[in-house]
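The structure under discussion appears below in the form of structure tokens.
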Amino acid sequence: MAELDEIKELRRLWEADPSSGDFRRLYRLSKWGGCFEETVIKGIRGEQTDAIEDGIHYLEADPWYFRSGYQKAAIARALKAARLSPSQEERLRSVILSSLDGRIGREEFREYARLAIRITNSALLRKLEEQAALPRTWAQLRAKFILELCRRHGKGADGGGQSGR
């Protein structure tokens with residue numbers, strides 16, 4: 001089963017019946033379930049290109065099922081230390097911006113915010129500032145939180161301290 005198809009199938013089975021044997025079976029055998037730590041996280045930490053891509057695809061797919069929020073937080077945490085290409089960083093910036101008004105848990109969002117510190121650039125800061133200027137919404141509050149973190153870590157309006165090793 002292709003990566004994104006497997007993620008979609010887990011989500012579909014979870015939404016249909018979280019206690020079903022089909023969901024539990026696929027979850028247990030899937031790299032996006034019971035094998036997650038061993039395959040995805042260890043792969044990202046080991047700088048395996050495929051695992052890094054898998055992690056980014058997972059964040060882009062933004063699945064919602066048992067432990068998916070924990071998994072997204074763990075992926076974001078692992079990606080902070082990974083060697084990322086400029087296009088991968090751009091994709092992650094899009095994930096972070098999408099998370100501003102999306103369905104996202106507190107720990108997951110905090111890890112996204114910490115990842116933003118690493119991959120910030122002037123364009124991301126500008127978009128965050130635009131969101132922070134909106135009337136009081138979740139997106140505004142989250143954008144302000146990320147901006148404050150970035151500024152606290154020396155990533156100012158000029159995009160200073162951009163990512164890179």
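Checking each residue of segment 70-86 against the condition of being charged (D, E, K, R), surrounded by 15 or more Cβ atoms within 10 Å (Cβ to Cβ) and more than 16 Å from I7 (Cα to Cα) gives at least one match. For segment 26-72, filtered to residues that are over 14 Å from the mean Cα position of the chain (by Cα) and among the acidic types (D, E), the residue that is modelled with the highest pLDDT is E47. Listed by position, the helices (runs of 4 or more DSSP H) inside segment 6-69 whose residues that are crowded, with 18+ Cβ neighbours inside 10 Å and not aromatic (F, W, Y) number at least 2 are 42-45, 49-61.
The values are calculated or read from the model by the stated rules, or taken from the named source; none is laboratory data. Bear in mind that the values here come from a model prediction, so they are computed numbers and not experimental data. Positions of Cβ are backbone-derived with ideal geometry, glycine not excepted, and every protein chain shown enters the neighbour counts.
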